[in-house]
Amino acid sequence: MNQFFIFIKKENTESLRNYRWLWMPLLFILLGIMQPVTTYYLPKIIDSLGDLPEGTVIEIPLPHAPEVLFSTLTQQFNMIGLLVIVLAFMSSVTAERKNGSAALILVKPVSFSSYMIAKWVMALLIVWFSYFMGMMANWYYTYQLFELVNLSLMLKGMFLYGLWLTLIVTLIFFFGSMSNTSGVTAALTLVVTIVLSFLSSVLSEKLDWIPSNILKYTGELWTNGYLSKGTIPTVIITICLIIILIVSSLSIFKRKELI
């Protein structure tokens, strides 16, 4: 346990040095603010572009507040946000393996598990903090420009979608444990994410249990005020998959480093 906290301190120092604790929350806050602001001012933005016939009146019905929250996930966090997360952590394992620092650390009597789990936990802390700040900014601006969404309901949806982000981070470390290059890690993570998202959109009724459906269930929770039928099985499967992936990552990483 002492080794784990030593590695946590090491990862935190590195994250402070490369400003992850600063730029990632700021980016998610910006993404969270952008959606309600652009949605609210869209008619004025279109009107300011000009080239419209004289007397043209643009009337775009304002969406309900839960729809604004959900569109933030679909158009901001689930696209730009996911890409940023993958790019930010794709080198967490491969970079230290490539420059030899991992070998220098692991030749000592230290735990392979503590080394890897500390990296994973620190990545999750940064991602969840950034995501939380982004959602709170989104919730506040949605309230100011549209209407109030119950804070408790918003937080429930936030934690539900956070499981999907946790799975993405775990996939990064899973592929990082078996790959020697950060590019391959990022590519494999993005491919799996895209495939899962495609399956949930095309076969959402037949595959209502796959993790990528968490996005849909989050939107339904915010819109309807209660969990949809397939939410709990999907959550259980996602948690089990996260556990399987992180355990597999530890096994693959240890075997690869001992070769």
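The values are calculated or read from the model by the stated rules, or taken from the named source; none is laboratory data. Owing to the predicted nature of the structure, the values given are computational and were not obtained by experimental measurement. Neighbour counts are summed over all protein chains in view; Cβ atoms, including those assigned to glycine, are modelled from backbone coordinates with ideal geometry.
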- prompt: What is the number of the single condition among (1) surrounded by 20 or more Cβ atoms within 10 Å (Cβ to Cβ); (2) touching a residue at least 40 places away in the same chain (Cβ under 8 Å) that K254 does not meet?
  reply: (1)
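Look at the stretch 178-235 and say how many of its residues are among the polar types (S, T, N, Q) and more than 26 Å from F159 (Cβ to Cβ). Before the answer, list the steps.
Step one: of the stretch 178-235, the residues among the polar types (S, T, N, Q) are 179-182, 185, 189, 193, 197, 200-201, 204, 212-213, 218, 223-224, 228, 231, 234.
With more than 26 Å from F159 (Cβ to Cβ) added as a condition, the list becomes 179-182, 185.
Selection size over the stretch 178-235: 5.
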- prompt: Considering the stretch 130-150 alone, what residues qualify as being touching a helix residue (DSSP H, G or I) at 6+ places or on another chain (Cβ under 6 Å) and either surrounded by fewer than 16 Cβ atoms within 10 Å (Cβ to Cβ) or not in a helix (DSSP H, G or I) (or both)?
  reply: L145, F146, E147, V149
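Kindly indicate whether L171 is crowded, with 17+ Cβ neighbours inside 10 Å, closer than 20 Å to L125 by Cβ and in contact (Cβ under 8 Å) with a residue 12 or more places away in the chain. Don't jump to the end; show me each part of the working.
Values: crowded, with 17+ Cβ neighbours inside 10 Å: yes; closer than 20 Å to L125 by Cβ: yes; in contact (Cβ under 8 Å) with a residue 12 or more places away in the chain: yes.
It is true that L171 is crowded, with 17+ Cβ neighbours inside 10 Å, closer than 20 Å to L125 by Cβ and in contact (Cβ under 8 Å) with a residue 12 or more places away in the chain.
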field: Count of the stretch 200-250 residues which are of a type in the set (S, T, Y), within 21 Å of T189 (Cβ to Cβ) and exposed (fewer than 14 other Cβ atoms within 10 Å of the Cβ)
entry: 1
message: Within the stretch 16-36, take every residue that is under 19 Å from K119 (Cα atoms) and assigned to a helix (DSSP H, G or I) and give me the one that is farthest from the chain's Cα centre (by Cα).
response: R17
statement: Taking first residues from the stretch 184-202 that are among the aromatic types (F, W, Y) and second residues anywhere that are modelled with pLDDT under 95, the pairs with Cβ under 8 Å that are 6 or more apart or on different chains are none
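State whether the residues of the stretch 189-209 include one that is touching a Ser or Thr at 6+ places or on another chain (Cβ under 6 Å) and either closer than 21 Å to A118 by Cα or at pLDDT 95 or above (or both).
Start the filter on the stretch 189-209 by keeping residues that are touching a Ser or Thr at 6+ places or on another chain (Cβ under 6 Å), which leaves 196-197, 200, 209.
Okay, now just the ones that are also either closer than 21 Å to A118 by Cα or at pLDDT 95 or above (or both), so none.
Checked against the condition, which is being touching a Ser or Thr at 6+ places or on another chain (Cβ under 6 Å) and either closer than 21 Å to A118 by Cα or at pLDDT 95 or above (or both), the stretch 189-209 yields no hits at all.
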field: the stretch 197-215, subset in contact with a Leu (Cβ under 9 Å, 6 or more places away or on another chain) and assigned to a helix (DSSP H, G or I), residue farthest from N78 (Cα to Cα)
entry: L199
